[in-house]
Structure formats: structure tokens, C-alpha cells
Amino acid sequence: MMISSLFLHSQGCSDAGACSIQTFDFELNPETSKGKILLNFNQTLALGEKFIFISQTILSMQYNLSSSTYFELRTPFIFTYGNLGYTSGVGDLILSASQDFFKNKNFQLTAIIAGRLKTNHANFNFDNLPLPMAYQTSLGTNDIILGMQYSRTTWNLYVAYQHPFRRNSNKYLVPDDEANPNKQYFESAYLKRGDDLYLRGQYYLNLNKNNDLKFTMLNIYRIQKSEIIVDDETVILDGSSGITINLGVTYTKQIKHNRELSLILAFPVIDREYRADGLTRNIVIGISLRNL
């Protein structure tokens, strides 16, 4: 079973650590790979705010210290393209550790701690103009994530809490002379994100020996309203707190040499009104290969 990282960070179909990408796939039962390093590949394509194109390529390395203790490092490369320009670069690194506390043939309880490590200050420009968060390859903050997952044979429940430290250094405000609403993005100058609470449920449907479907519902609750700075004054963003609900389905096929090939589709059904963090995803499609 795995905790989908595709569902931890796009408020609108992902999360800040959970559909964007920002992707989390903690492998909870790699019994046959104890003491080994596993390499995984994930590619997603998405439409974000104002339907900008977002490509995210993730290479992850997982080390199984024992049959119940796992470490993982995820390194994303992100490319964005929209009506304000384009950007590319290495996204935020995600370093995680998970520990099984209870495990038998019927259920499993796993604790997870993770850090999201910024790779830049979320202040990319295009043609010398600041770009909104939807175009940034980093959230511009260091975050901590604490989680717990309860797993059964055909379903699991996952709860997590994510806290970002400090503000980022983004400088985007809608220009005074910009009259085109398609170029007026959510303002995000010196954004301070609120904390997120995650509740995710997954159900597994076994099609046959080598094929299965996984259905996912991810609920992300932004606890506090986000803040920006305008003219040296703190502005609290109304509509930036509240619930986001994402749905997804994953088809997985077991292939040769203990590898897994997965196809992913995810989309939001409920969004927050104001999403300054740039994590909006209208739809996400993806492909992943586990155990390269």
C-alpha cells in the first residue's frame, strides 16, 4: 500500500505536500526489499490557475532500514507555462521517515514525519515582472508534516498536519494597469500560508492477480487564513481558509522484476475561494514506475 504524494499539495486537486505535487508515496510493505535502495519515477501533467500548464517530474529514492522503518527523498523538476510566461527548475525536496508500530495480517498502523525543504524563495520573474505562486517551482518555505495511517487489506485512512515556517519572498501583486482578468492572478506578495490538516481515505479494488484500482478522497482543511504584505501592511486574505476536496483514481499493473506501473487521474470537487499558494489544479494526469 502507499500514501499518495500526488494527493498531498495542490489545493484544488492536490496539496502542499499532497495532488501536485508535490507527491507522497510512502511504501508501507516492501518486505522483499529490506536493506535495499528503491528508485521510483513519477510524471504528472496538470492544468493550474488560469489553466496554466504544469509538468512535474519526480525521482525518489527509498531506503528500507528494516521491515518497519523507511526513509524517502523526493526530488521534483517542475516546468510551468502560461499567459504570463514560463519557468522551470528543481522543486522543493521532500524528506520523509515512516515507522510501523503495529502490523499483522489484518491491519497496520504507521507514523510519518516529513520535511518539505525549499529550493528557492518563490520569487521567479519573467521579463523583469514578478510571477504569482502558480508559476513558482517552490513554495518558498520550509514545512514540517506529521501523519498517521491506519491500513486494512482493502482500505486505509490517513491523517496529517502540515506547518509552514515563516513567509516566502514572492513579490506578485496584480499590476495597477492590468485590465485583462485572465492575467489577474491571486496576489501572493510575501505570502504566509496557514497550516493544513489532511484526511485521506483510499479503497483498493483487486481486478485480478496483477491489476488493481485505487480510489482516493483527499480532504485538506486550511486552518488559518493566509496573509500577504501590501504597501508594508499585512493583509489577511478572506476566503483563503476552509476545505478542499480532491478525488482520484489510480490503475496499477504489476510488471516484470517486481515493478509496478501506475496511471493516475485526479481532480477537485470543492475549492477554497482564494488560493494564493498557487496549488490550484483543475485536473492532474500522471504515470509512475516503482522500483526502477
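Here are a few things to note about the model shown:
- Lysine pairs in region 2-260 whose alpha-carbon atoms fall under 13 angstrom of each other, counting only those eight or more residues apart or on distinct chains, come to 5.
- Highest mobility in the GNM of the chain, judged by mean-square fluctuation with C-alpha springs under 10 Å and restricted to R259, R152, R74, is found for R259.
- Dipole moment magnitude, nearest 20 debye, region 2-260 about Cα centre, only Lys, Arg, Asp, Glu C-beta charged: 1280 debye
- Evaluated with a Cβ-only charge set (Lys, Arg +1; Asp, Glu -1), region 152-256 carries a dipole of roughly 1120 debye about its Cα centre, given to the nearest 20.
- Under 5 Å between amide hydrogens, built in the peptide plane, is the criterion, and for L279 it picks out Q11 among residues at least 5 positions away or on other chains.
- Order of S151, S262 - criterion: other Cβ atoms within 10 Å of each residue's Cβ, fewest first: S262, S151
- A179-T57 FRET efficiency (beta carbon distance; Förster radius 35 Å; 0.05 resolution): 0.45
- Rounded to the nearest Hz, the phi-derived 3J(HN,Hα) couplings of region 183-190 under the Karplus curve 6.51 cos²θ - 1.76 cosθ + 1.60 (θ = phi - 60°) are 10, 9, 8, 4, 6, 8, 5, 6, where x marks glycine and proline.
- Listed residues S60, Y185, N219: farthest to the positive end of the dipole of the chain (Cβ charges): S60
- Neighbour-count ranking [beta-carbon atoms within 10 angstrom, fewest first] of H257, H163: H257, H163
Only the coordinates and a few stated rules stand behind these numbers; no lab work does. From a predicted model like this one, the values you see are computed outputs, not experimental measurements. Neighbour counts are summed over all protein chains in view; Cβ atoms, including those assigned to glycine, are modelled from backbone coordinates with ideal geometry.
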